[in-house]
């Protein structure tokens with residue numbers, strides 16, 4: 001039995017609508033949970049403004065995913081949202097420090113789309129494997145089909161993922177502790193550092 005089932009983000013649209021490739025991740029998470037915590041991940045993306053609700057507040061992706069889970073019968077008291085991250089590498093870090101370490105997870109399942117799985121698994125095994133308080137958590141991974149993508153879109157996404165995975169491997173070789181990762185994330189990463197985001201301080205969409 002798993003302590004948690006984690007669902008990496010994949011985008012949110014106007015009105016809180018989720019892309020067709022994200023919904024199968026959530027459907028499978030419900031099927032596999034068996035009492036485990038459901039952990040939808042991500043605030044959104046740095047590449048476009050968030051959609052707004054009727055009151056003008058941002059619709060955060062993890063909240064939209066939680067609403068989807070609840071609408072399909074998930075117990076809201078067994079959902080832990082992670083709404084601090086804006087990319088896959090953020091999904092892994094914030095899910096670990098916000099939920100996994102405080103709750104003492106020992107076994108977790110990560111579910112994402114086929115095109116997204118190689119980079120997701122590499123990121124989770126790296127960041128969740130860095131020495132940290134609370135002991136280790138055994139990770140398992142399960143992919144779901146790339147729904148809603150035609151052949152061209154799927155090929156393009158997989159090519160971007162391959163480039164991102166190569167960058168991830170290069171990055172991980174030089175960061176060996178959670179302290180080092182924290183320093184890199186908040187002083188170097190273009191999304192999370194304090195330096196304002198400007199055209200001259202771009203965010204490379206391939207990397208994270």
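We did not get these values from a lab; they are worked out from the coordinates using the rules stated. Remember, predicted model here, so these are calculated numbers, not experimental data. Quick reminder, even Gly has a Cβ in these numbers, built from the backbone with ideal geometry, and neighbours come from all protein chains shown.
Please tell me the relative contact order of the stretch 4-148 in percent, rounded to the nearest whole number, where contacts are Cα pairs under 8 Å and at least six residues apart.
Details: 264 pairs, mean separation 42.2, N = 145.
This gives 29 percent for the stretch 4-148.
Considering all projection directions equally, how large on average is the shadow of the alpha-carbon convex hull of the stretch 1-65, in square nanometres? Before the final figure, lay out each step's value.
Working: hull surface 18.4 nm².
About 4.6 nm², averaged over all directions.
In nm, what is the difference between 0.36 nm times the number of residues separating residue 140 and residue 1 and their Cα-Cα distance? Walk me through the intermediate numbers first.
Values: separation 139, 0.36 × 139 = 50.04 nm, distance 1.13 nm.
Value of the extension gain: 48.9 nm.
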Cut-off 17 Å (backbone N to label point 7 Å along Cα→Cβ of residue 186), residues of the stretch 116-144: 132-133
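Give me 5, 191 sorted ascending by neighbouring Cβ count inside 10 Å, so fewest comes first. Could you put the intermediate results ahead of the total?
Numbers: 5 26, 191 16.
Lowest count first: 191, 5.
Using just the helices of the chain, give the 222 nm mean residue ellipticity in deg cm²/dmol: DSSP H runs with n ≥ 4 each add -39,500 (n - 2.57), and the total is spread over all residues, rounded to 500.
Values: 6 runs with 73 residues, N = 208.
Helices in the chain give a 222 nm mean residue ellipticity of -11000 deg cm²/dmol.
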Residues residue 53 and residue 152, FRET efficiency given R0 of 41 Å [Cβ-Cβ distance, rounded to 0.05]: 0.80
Approximate spin-label separation residue 31-residue 78, in nm, with each point projected 7 Å along Cα-to-Cβ: 1.7
Antiparallel bridge percentage (DSSP; both residues within the chain; nearest 5): 5
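Would you list 187, 112, 92 from fewest to most Cβ contacts within 10 Å? Could the numbers behind the result be given before it?
Numbers: 187 11, 112 28, 92 25.
Result, fewest neighbours first: 187, 92, 112.
Grab the beta carbon distance between residue 106 and residue 71, set R0 = 35 Å, and tell me the FRET efficiency rounded to 0.05.
For residue 106 and residue 71, the calculated efficiency is 0.75.
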Volume in Å³ per residue [convex hull over Cα atoms, computed for the stretch 4-148]: 105
